[in-house]
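Trainee: Attaching a single structure in structure tokens format; questions to follow.
The values are calculated or read from the model by the stated rules, or taken from the named source; none is laboratory data. Remember, predicted model here, so these are calculated numbers, not experimental data. Cβ atoms come from the backbone with ideal geometry, glycine included; neighbour counts cover every protein chain shown.
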Amino acid sequence: MERLLPSDPSVIGGYRLAGRLGAGGMGVVYLARSPHGTWCALKAIRSEYADDPAFRARFRRETQLATGLTAHWTVPVIAADADARSPWLATAYVPGPSLAEAVARHGPWPAAHLLRLGAALADALDGIHACGLIHRDVKPANILLAVDGPRLIDFGIARAVGVTVLTTDGSVIGSPGYLSPEQARGRTVGPETDVFSLGCVLAHTATGRPVFGAGPAAGVLYRTVHEQPDLDGVPDALADTVRRCLSKDPRRRPTVAQLRQEFGEFDEDGWLPRGLPALVAARAARVLELPVPQHTVVDGPPANGTSDAVTATGTPGAVAPTSRRRVLTAGGAVLGVVAAGAGGWWRWGRPDRSAAHGTGTLPRRVIGLLGDRSDPSFTAHERGARLAVSEHQNDPRRPFDLVLRTADDRGTAAGATAAAVALAAGPGVDLVIGAGTNATVPAAVEACTRARITLLVTRADTNELDGVNLTSALLLRPTRTAGPPAILRYLNRVVKPGRSAVVHDLSDADDTLQTVRIITVHKKLDGAATVEEVAADEDFTAAAARITARRDDAVVFAGVHPERAASCARALRDAGYRGTRVADEHVVGTSFLDVAEGWLVGTGYTDATADPRTRKFAAAHRARYHAAPAPWAAEAYDAVRFAVHGLTAAGDDARATVRAELLRHPWQGITRKVSYDPDSEFFQAVEDSGAFLYQVTYHAARFVSRADDIGSSAT
């Protein structure tokens, strides 16, 4: 939870606001006290929607329907005002974690508990549909766990049955990974779409992973519409039911009434798996810690469009002093309609170090660095990380001392597993930074997930990491599934090709197929695209001749082997091709650089000496190590600083809560900005930050620009 902004109102509709639970596309969600003193979640709609009379009419109709909702396993709308300057609705407050958090922290659920969960959710949907509503956003983050059973929340995008989407045709409303194929296509939906989403939820709860994979929304939506769900690991007692719920054809899905019969009656006794009752009880007990609502200062129109701000005296627009108490968020409870486990609890004031540590000694936090010590990039990582540690230790205001501990994975998956286990078992290790490769990091992710320790991945980009945000790990760079951001941005904003050729090297087809899909299926490259497939035992001569004869504007090499990329570059050169040629960082090697003059390369690392935003870091690196920083040094520096950001907010129980704190707010480093999207449950670099463009000049790759600067006057 965040403190109220100065521009936020103090009161909306008689509900006194205590803090911000979140903000989304529709509006801002507040924690509020009702006139009767009960806690609730209040959503204020954004002014751009409020200015649309048709929206107000729909909002009025649907909140009236939702107010009449009495289904046992839902969170009712207790008040709403469609005629306020900014329409709002308030729902009951549920002091419990979300199902998303529960699965992330405690793992998949056994079959017996899944059946009880399914029984309650089917009952909830039956009540929702009986009121003439469809939910449209059934997902683990919108299911709260209470002692007596689950609660389905967030009717913010629910629509009256039979009403099409409110925006233009082809738009998508819902959360990728849990919405139905008809939602993904932007078509009219009915109760069947909630059944599909329920199947996704049950499969996720049974396996701990999303049924249509993770990663960028475009890929998830494509798999939802065109590919079969991944049901490996769903218990036999549930597999057939879930499979029928996930039918692409809405007419073939079971009805909610049929699901209620298959799941049976909900049994409250022991409905939560082992470990979760204690978590639920702890969250409920924290209700007593919630603060008395404070007043805000309104200077000009409020950010959310409301004008009915009042102070404790009830005087509209009066100025009241803001609280000086400092707010720190912790935990992961979801309150009322807040999405994706982004809620939390307030901790007031700064810890008293002298009271907690009688000697005056600061507490200690330990960060592990895991990678292959024989790899030069590990040396770069370690140097960047140690600079960040030194910077922290030299800050007199630091809340704790910081220690860096390294571990050697020896460049193998088995070594990564052993080293990760050793780090996690080491005294006081709170977080691990994975500096390994695509061959080793997936094993480290698995080991750290079992050990319940947060892993920050800096370098690896294999497709195997697409679902990493559903483990205990966070990926600080895009995977190949997202496509090469710097390359695509350069082509679209600078080259603007009418026709491009994608040279797909089939010697590593599994690793590069997603890049081809990004360009051809998801159309992230403007203009037409032709795919030239080259088998592993072929050279690139014929493909280069066809590309040159067509006079394609650009060539994208989809491959990862430097020798194969060099062969492609040589063939294009010999064929006389003069258009733009691009590839990604994996092709950078002596064999490629020797023949690829003029090629552009997209990377996940910057050149700290040439990048204007990292030159201060480069100077500090040179002063300490008497050498310019190598690739990945600045990224490791950022990883440590990001870790410190989370550890500072996590407090005493750092290891258990640091991941939740890292997801709490966007964070800006010297190389990238990272953010968590609660709707898609996806953590990623923001707007192509963390991606960089190089050009091969005189047998070396030389820095050109950050991806997010491409197309600007500075490029």
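Trainee: With the requirement that a residue be in contact (Cβ under 8 Å) with a residue 40 or more places away in the chain and within 9 Å of Ala473 (Cβ to Cβ), what does segment 439-454 give you? Show your work before the answer.
Mentor: Going residue by residue through segment 439-454, those that are in contact (Cβ under 8 Å) with a residue 40 or more places away in the chain are 440, 444, 452-454.
Within segment 439-454, Ala444, Thr454 meet the criteria.
Trainee: When the residues of segment 72-90 are filtered to those that are assigned to a strand (DSSP E or B) and not polar (S, T, N, Q), which remaining residue is nearest to Ala130 (Cα to Cα)? Don't jump to the end; show me each part of the working.
Mentor: In the first step, residues of segment 72-90 are kept if they are assigned to a strand (DSSP E or B); the result is 74, 77-81, 88-90.
Keeping just the survivors that are not polar (S, T, N, Q) gives 77-81, 88-90.
Values: Val77: 16, Ile78: 18, Ala79: 20, Ala80: 20, Asp81: 23, Trp88: 24, Leu89: 21, Ala90: 21 Å.
Here the residue is Val77.
Trainee: Which one of these is in contact with a strand residue (DSSP E or B) (Cβ under 7 Å, 6 or more places away or on another chain) and surrounded by fewer than 17 Cβ atoms within 10 Å (Cβ to Cβ): Thr91, Thr67, Thr63, Thr74? Show your work before the answer.
Mentor: Values: Thr91 fails: surrounded by fewer than 17 Cβ atoms within 10 Å (Cβ to Cβ); Thr63 fails: surrounded by fewer than 17 Cβ atoms within 10 Å (Cβ to Cβ); Thr74 fails: surrounded by fewer than 17 Cβ atoms within 10 Å (Cβ to Cβ).
Selected residue: Thr67, the only one of Thr91, Thr67, Thr63, Thr74 that is in contact with a strand residue (DSSP E or B) (Cβ under 7 Å, 6 or more places away or on another chain) and surrounded by fewer than 17 Cβ atoms within 10 Å (Cβ to Cβ).
Trainee: Residues Gly219, Gly215, Gly275: which one is touching an Asp or Glu at 6+ places or on another chain (Cβ under 6 Å), under 26 Å from Ser472 (Cβ atoms) and not aromatic (Phe, Trp, Tyr)? Spell out how you get there, then give the answer.
Mentor: Working: Gly219 fails: touching an Asp or Glu at 6+ places or on another chain (Cβ under 6 Å); Gly275 fails: touching an Asp or Glu at 6+ places or on another chain (Cβ under 6 Å).
Selected residue: Gly215, the only one of Gly219, Gly215, Gly275 that is touching an Asp or Glu at 6+ places or on another chain (Cβ under 6 Å), under 26 Å from Ser472 (Cβ atoms) and not aromatic (Phe, Trp, Tyr).
Trainee: Among the residues that make up segment 407-427, is at least one of them farther than 23 Å from Ala630 by Cβ, in contact (Cβ under 8 Å) with a residue 60 or more places away in the chain, outside the structural domain of Asp510 (by TED's automatic domain parsing) and more than 21 Å from the chain's Cα centre (by Cα)?
Mentor: yes
Trainee: Failed condition for Ala439, given (1) closer than 20 Å to Glu464 by Cα; (2) assigned to a helix (DSSP H, G or I), with all others met?
Mentor: Unmet condition: (2).
Trainee: Here is a list of conditions, (1) touching a strand residue (DSSP E or B) at 6+ places or on another chain (Cβ under 7 Å); (2) modelled with pLDDT of 85 or more, and Pro484 meets all of them except one; can you say which number that is?
Mentor: Of everything listed in (1) touching a strand residue (DSSP E or B) at 6+ places or on another chain (Cβ under 7 Å); (2) modelled with pLDDT of 85 or more, Pro484 misses just condition (2).
Trainee: Could you look through segment 133-154, keep only residues that are of a type in the set (D, E, K, R) and over 22 Å from Ala281 (Cβ atoms), and pick out the one that is modelled with the lowest pLDDT?
Mentor: Filtering segment 133-154 for residues of a type in the set (D, E, K, R) gives 136-137, 139, 148, 151, 154.
Of the ones still in play, those that are also over 22 Å from Ala281 (Cβ atoms) are 136-137, 139, 154.
Values: Arg136: 86, Asp137: 87, Lys139: 93, Asp154: 75.
Checked segment 133-154; the qualifying residue modelled with the lowest pLDDT is Asp154.
Trainee: Residues that are of a type in the set (Gly, Ala, Ser), within 36 Å of the chain's Cα centre (by Cα) and assigned to a helix (DSSP H, G or I): does segment 596-610 have at least one?
Mentor: no
Trainee: Hey, another quick one. Identify, please: which residue in segment 184-199 is buried (at least 19 other Cβ atoms within 10 Å of the Cβ) and over 11 Å from Pro250 (Cα atoms) and is, among those, modelled with the lowest pLDDT?
Mentor: It comes out as Ala184.
Trainee: Output the strands (runs of 3 or more DSSP E) that fall wholly within segment 493-585 and possess 3 or more residues being out of contact with any Leu (no Cβ under 8 Å at 6 or more places or on another chain), or say none.
Mentor: Numbers: elements: 499-505, 528-534, 554-558, 580-584.
By residue number, 499-505, 528-534.
Trainee: I've got another one for you. Scanning for something surrounded by fewer than 18 Cβ atoms within 10 Å (Cβ to Cβ) and hydroxyl-bearing (Ser, Thr, Tyr), does segment 239-257 turn up at least one residue?
Mentor: Yes; the residues of segment 239-257 include at least one that is surrounded by fewer than 18 Cβ atoms within 10 Å (Cβ to Cβ) and hydroxyl-bearing (Ser, Thr, Tyr).
Trainee: Next question, about the same structure. Those residues that are surrounded by 24 or more Cβ atoms within 10 Å (Cβ to Cβ) and within 21 Å of Asp677 (Cβ to Cβ), I need them from segment 1-21; list them, please.
Mentor: Met1, Leu21 - these are the residues of segment 1-21 that are surrounded by 24 or more Cβ atoms within 10 Å (Cβ to Cβ) and within 21 Å of Asp677 (Cβ to Cβ).
Trainee: Next up: Let me spell it out: the conditions are (1) crowded, with 20+ Cβ neighbours inside 10 Å; (2) in a loop (DSSP other than H, G, I, E, B), and Arg410 meets all of them except one. Which number is the exception?
Mentor: The single condition Arg410 does not satisfy is (1).
Trainee: Now for a separate question. Please verify whether Ala80 is surrounded by fewer than 23 Cβ atoms within 10 Å (Cβ to Cβ) and either touching a helix residue (DSSP H, G or I) at 6+ places or on another chain (Cβ under 9 Å) or not small (Gly, Ala, Ser) (or both), treating the condition exactly as stated. Show your work before the answer.
Mentor: On the way: surrounded by fewer than 23 Cβ atoms within 10 Å (Cβ to Cβ): yes; either touching a helix residue (DSSP H, G or I) at 6+ places or on another chain (Cβ under 9 Å) or not small (Gly, Ala, Ser) (or both): yes.
Considered against the rule, which asks whether it is surrounded by fewer than 23 Cβ atoms within 10 Å (Cβ to Cβ) and either touching a helix residue (DSSP H, G or I) at 6+ places or on another chain (Cβ under 9 Å) or not small (Gly, Ala, Ser) (or both), Ala80 comes out as yes.
Trainee: Could you list, ordered by first residue, the pairs with Cβ atoms under 8 Å in which the first is in segment 33-55 and outside the structural domain of Ile78 (by TED's automatic domain parsing) and farther than 23 Å from Gly22 by Cβ and the second is surrounded by fewer than 18 Cβ atoms within 10 Å (Cβ to Cβ) and aromatic (Phe, Trp, Tyr), at least 6 apart or interchain?
Mentor: No pair meets every condition.
Trainee: Go through the residues of segment 91-99 one by one and say whether even a single one is out of contact with any Ser or Thr (no Cβ under 7 Å at 6 or more places or on another chain), assigned to a helix (DSSP H, G or I), of a type outside the set (S, T, N, Q) and in contact (Cβ under 8 Å) with a residue 40 or more places away in the chain.
Mentor: No, the conditions are met nowhere in segment 91-99.
Trainee: Quick test for you: out of Val521, Val503, Val516, pick the one residue that is in contact with a Cys (Cβ under 7 Å, 6 or more places away or on another chain) and not basic (Lys, Arg).
Mentor: Numbers: Val521 fails: in contact with a Cys (Cβ under 7 Å, 6 or more places away or on another chain); Val516 fails: in contact with a Cys (Cβ under 7 Å, 6 or more places away or on another chain).
Just one listed residue meets the conditions, Val503.
Trainee: Hey, another quick one. Suppose we filter segment 237-254 for residues that are part of a helix (DSSP H, G or I) and free of Cβ contacts under 8 Å to residues at least 60 places away in the same chain; how many remain? Outline the logic, then answer.
Mentor: Filtering segment 237-254 down to residues part of a helix (DSSP H, G or I) leaves 237-245, 250-252.
Retained after the next criterion (residues that are free of Cβ contacts under 8 Å to residues at least 60 places away in the same chain): 239-240, 242-245, 251-252.
Selection size over segment 237-254: 8.
Trainee: Given (1) assigned to a loop (DSSP other than H, G, I, E, B); (2) in contact with a Ser or Thr (Cβ under 7 Å, 6 or more places away or on another chain), identify the lone condition not met by Pro478.
Mentor: All conditions pass for Pro478, except number (2).
Trainee: Consider Gly96 against the criteria (1) in contact with a helix residue (DSSP H, G or I) (Cβ under 8 Å, 6 or more places away or on another chain); (2) under 22 Å from His129 (Cα atoms): it satisfies all of them except one. Which criterion is unmet?
Mentor: Going through (1) in contact with a helix residue (DSSP H, G or I) (Cβ under 8 Å, 6 or more places away or on another chain); (2) under 22 Å from His129 (Cα atoms) one by one, Gly96 breaks only (2).
Trainee: Quick check: is even one residue across segment 422-432 in contact with an Asp or Glu (Cβ under 9 Å, 6 or more places away or on another chain), farther than 17 Å from Thr648 by Cα and buried (at least 17 other Cβ atoms within 10 Å of the Cβ)?
Mentor: Of the residues in segment 422-432, the ones in contact with an Asp or Glu (Cβ under 9 Å, 6 or more places away or on another chain) are none.
Scanning segment 422-432 turns up no residue that is in contact with an Asp or Glu (Cβ under 9 Å, 6 or more places away or on another chain), farther than 17 Å from Thr648 by Cα and buried (at least 17 other Cβ atoms within 10 Å of the Cβ).
Trainee: Name, by its number, the condition in (1) part of a loop (DSSP other than H, G, I, E, B); (2) modelled with pLDDT under 90 that does not hold for Ile128.
Mentor: Checking Ile128 against (1) part of a loop (DSSP other than H, G, I, E, B); (2) modelled with pLDDT under 90, the one that fails is (1).
Trainee: Among all residue pairs at least 6 apart or on different chains, which show Cβ distances below 6 Å where the first residue, located in segment 492-508, is charged (D, E, K, R) and the second is assigned to a strand (DSSP E or B)?
Mentor: Once the first residue is charged (D, E, K, R) and sits in segment 492-508, its partners that are assigned to a strand (DSSP E or B) give Arg499/Ala528; Asp505/Val534.
Trainee: Just need a number here: residues in segment 263-275 that are in a helix (DSSP H, G or I) and either of a type in the set (Val, Ile, Thr) or without any contact (Cβ under 8 Å) to a residue 60 or more places away in the chain (or both). Before you say what the answer is, go through the steps one by one.
Mentor: The first filter runs over segment 263-275 and keeps only residues in a helix (DSSP H, G or I), leaving 263.
So of that shortlist, the ones also either of a type in the set (Val, Ile, Thr) or without any contact (Cβ under 8 Å) to a residue 60 or more places away in the chain (or both) come out as none.
Going through segment 263-275 one residue at a time, the tally reaches 0.
Trainee: Okay, next question. Can you tell me how many residues in segment 531-549 are more than 13 Å from His504 (Cβ to Cβ) and surrounded by 13 or more Cβ atoms within 10 Å (Cβ to Cβ)? Please lay out each step first, then the result.
Mentor: Of segment 531-549, the ones more than 13 Å from His504 (Cβ to Cβ) are 537, 539, 541-542, 544-546, 548-549.
From what's left, surrounded by 13 or more Cβ atoms within 10 Å (Cβ to Cβ): 539, 541-542, 544-546, 548.
Residues flagged as more than 13 Å from His504 (Cβ to Cβ) and surrounded by 13 or more Cβ atoms within 10 Å (Cβ to Cβ) within segment 531-549 amount to 7.
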